[in-house]
Every structure is written in structure tokens, then in C-alpha cells.
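Remarks on the structure that follows.
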Amino acid sequence: MTRVGRGVAAAMALLLLAGCGAAPATSPPADAPGAPPAALPSATTPGTPALDPRPGGTLTDVPYAGTDPTRQALDVHFPAGRGPWPVVVFVHGGSWAFGDKAMPAGTGYGALREALLAQGWAVASVQYRFSAQARFPAQLHDVKAAVRFLRAHADELALDADRVALAGDSAGAHLAQLTALTADEPAWEGAEGVAGPPSSARAVVSLYGVSDLTNLGVDLTEAGCPLPAAGTAVVAALLGADPTRGAGLRAAVAASPVSHAAGRRTPMLLVHGTEDCVVPPAQSRRMASALAAAGGPVQLELITAGHIDGRLYSPEVLQGLVVPFLARVLA
């Protein structure tokens, strides 16, 4: 394992796979780099579900917004003992086009969940709308709505609303990064779910993610990795436009976490495999450099592993890196 110290950080998530449908046609995004695309239609707020936090138990399929309750739902896993518990909000990967919030035993997600619960932290795993249902920033709005929902219902869920962290892998890590980096920018908040509570986090754990949508192809080429057969189709499906030119390029810049690093102080742990030819580690180095230049607290860890590799969920990573990092920021 190669370790790069606090002066450096990493990036978030993206799987470039073929077969993604085009996103619905909508109006073009705003022109300015770093500005959000045009807002999606406002949504309804779901009624408060019956919330019964049982130590060691799980609440499943809790709706946090009302536009698409089957997609806009979360599972909350509770540790043993008594609350209020700190909570780690986990966002799954899958090219923004597939995947599931389930964190079953015997998987990397399950190992992460168990490692966090063992520390007395609740884990909230978020489902969100995919690019076939809604273009970006709908996915970001959903994650932010989930964080706001958890804070709004912290008393019922026995959660500590002041001790919230974000984590994600691949596309989910991209969304986790953006959620934290845009927490004080109302234009990115969206109109989904509960209004009022912040979508901020004390820290972010990013696993093998994308940070710069505009340079992913360059990084793959320089790493000697084959370019995906789908080309930029996955990103185009997410943004609703060709990310290499015009409005699509501006949207890609705005949707890249590196565009929002300036002035940020949210601690980030960024873990990436050196053998990753889906999201090359150069993406993490880009985020590391951007956050370090901004003076933000950041830790980049390069592991001998590929993309979605079991070695990234080993005790060396989970107990050796992730848990100590979160223990410091959630104390």
C-alpha cells in the first residue's frame, strides 16, 4: 500500500460501461463553470414514515422525497447500544445508471457496514434516481435530500445530527464529494424532500472515484488503459449532453468535484487502486491536488488493487484507514 499524507487528496466515482440510455432532453445548463445546470422541477415532500430505531436493527425503504419514492429511499442500519448515534451516509456506485442501496453480508459493502456499526455509528444507505430517469443534478439533489431528511428526523431515529459523514464508491463517491463540497451553495441544493436542515457533512470517505469528468479520457490514455467502448455515453446520459463540447462540456466542468474544491475545509479520505483501469488513480490525484491547493485537510491512500476490488474492503483498508479517519472527525 502506498500512502500519501494529509497534504494530498483524491477523487470520486464513475464506471464507464456500455448500454446506458440517453437522459431525458431538458434545457441546457448554465454557462459559467462551477454553476449548476438548470434546476429540475420541484418535488413534493413525503409524509413522515413511522420510524422505530431498534439497536442492532435496520429500517428499510424509508422514503426521503416524493418525486419517486421507490428510488428516493434509504435504509438505516443501527448499531448496538443507545443513541443518539453518529451516522455515515453511504452512496452506492454504478455509473449513475444502476446499483442498489443494499449492503449484504459477504460483500465489500457488507464489510464496510459491519466495520462502521462496530464503532457505534449508524449507517444510512441511499438509493437515488438513475440517469435513465432524470439527468444530473437530480442524483445530487437526491443525496442532499437524504442528508436533510436524516437531520430533520434525527430525534425519531436516535441520530446525532451534528455528527454526519458521507461515504461512497465509484459514482456514489462522486455524489458524496459533491454533496459535501456544495453544502453551502443554495443553487445546488434542489427542491427534493425536506427543506431547512443543511446537507453538510463532517467528512467524506471516497472509494475509487472520479473527480474530473472532463479529464477522465486523458487519464485513462496516460495510464495505458483501453478507452471504454461506450466512450462518453455514460457521462452524456448523466448530463443530457455531449460532455466534450458546448453546454455539455460546461455541465461536465460544473459536475466535477475538482471545480468546487476552492475554499473547502471538509476533511476527505480518498482511497484508490493503483491498478484501476475504469477510474484511473490520476483522478484521485487531481482531487488531492485541488484540495491541497485550497488548504483543505485531505488524505490520499493508493492501494494495490483494481476497480471494485475486494482488497479495497480488506481489514487493512477498513480498520486501518477508514475507521481511524472517521473516528477523528466524528469524535
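Regarding the stretch 237-249, can at least one residue be identified that is among the charged types (D, E, K, R) and more than 30 Å from Ala154 (Cβ to Cβ)? It would help to see each step written out before you state the result.
Of the stretch 237-249, the ones among the charged types (D, E, K, R) are 242, 245.
Next, only the ones that are more than 30 Å from Ala154 (Cβ to Cβ) stay: 242, 245.
There is at least one residue in the stretch 237-249 that is among the charged types (D, E, K, R) and more than 30 Å from Ala154 (Cβ to Cβ).
In summary, Ser199 fulfils each of the numbered conditions (1) buried (at least 24 other Cβ atoms within 10 Å of the Cβ); (2) of a type outside the set (A, V, I, L, M); (3) not in a loop (DSSP other than H, G, I, E, B) with the single exception of condition (3). Return yes when Ala111 is of a type outside the set (Phe, Trp, Tyr) and either at pLDDT below 95 or within 23 Å of Ala254 (Cα to Cα) (or both) and no when it is not. So Ala111 does not fit the description; no. Going through the stretch 88-119 one residue at a time, which ones are under 17 Å from Asp160 (Cα atoms) and within 15 Å of the chain's Cα centre (by Cα)? Once the filter is applied, which keeps residues that are under 17 Å from Asp160 (Cα atoms) and within 15 Å of the chain's Cα centre (by Cα), the stretch 88-119 yields Val88, Val89, Phe90.
Quick grid of which residues meet (1) surrounded by fewer than 23 Cβ atoms within 10 Å (Cβ to Cβ); (2) of a type in the set (S, T, N, Q); (3) within 17 Å of Gln177 (Cα to Cα):
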| residue | (1), (2), (3) |
| --- | --- |
| Thr232 | yes, yes, no |
| Gly248 | yes, no, no |
| Val258 | no, no, yes |
| Pro297 | yes, no, yes |
| Ile303 | no, no, no |
| His307 | yes, no, no |
| Leu326 | no, no, yes |
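Please work out which residue is farthest from Ala50 (Cα to Cα), limiting yourself to the stretch 81-106 and to residues that are free of Cβ contacts under 8 Å to residues at least 40 places away in the same chain and not basic (Lys, Arg). Per the criteria, the residue is Gly106. Give the stretch 235-286 a look and list any residue that's over 14 Å from His174 (Cβ atoms), part of a loop (DSSP other than H, G, I, E, B) and of a type in the set (A, V, I, L, M), or say none. Ala241, Ala262 - these are the residues of the stretch 235-286 that are over 14 Å from His174 (Cβ atoms), part of a loop (DSSP other than H, G, I, E, B) and of a type in the set (A, V, I, L, M).
Counting only residues that are at pLDDT below 95 and among the aliphatic types (A, V, I, L, M), the stretch 197-212 holds 1 of them.
Just one of (1) of a type in the set (Val, Ile, Thr); (2) assigned to a loop (DSSP other than H, G, I, E, B); (3) over 22 Å from Ala145 (Cβ atoms); (4) at pLDDT 95 or above fails for Val194. It is (3).
Is it true that some residue in the stretch 144-156 is assigned to a helix (DSSP H, G or I), aromatic (Phe, Trp, Tyr), out of contact with any Asp or Glu (no Cβ under 8 Å at 6 or more places or on another chain) and surrounded by 24 or more Cβ atoms within 10 Å (Cβ to Cβ)? Full working, then the answer.
Restricting attention to the stretch 144-156, the residues satisfying the condition of being assigned to a helix (DSSP H, G or I) are 144-152, 154-156.
After this cut, where a residue has to be aromatic (Phe, Trp, Tyr) as well, the list is 149.
Now restrict to residues that are out of contact with any Asp or Glu (no Cβ under 8 Å at 6 or more places or on another chain): 149.
Checking which are surrounded by 24 or more Cβ atoms within 10 Å (Cβ to Cβ) leaves us with 149.
Among the residues of the stretch 144-156, at least one is assigned to a helix (DSSP H, G or I), aromatic (Phe, Trp, Tyr), out of contact with any Asp or Glu (no Cβ under 8 Å at 6 or more places or on another chain) and surrounded by 24 or more Cβ atoms within 10 Å (Cβ to Cβ), which makes the answer yes.
Going through (1) surrounded by 24 or more Cβ atoms within 10 Å (Cβ to Cβ); (2) at pLDDT below 90 one by one, Gly217 falls short only on (1).
The values are calculated or read from the model by the stated rules, or taken from the named source; none is laboratory data. For clarity, every value in this text was computed on a predicted model and none was experimentally measured. Glycine gets a Cβ as well: all are built from the backbone with ideal geometry, and neighbour counts include every protein chain shown.
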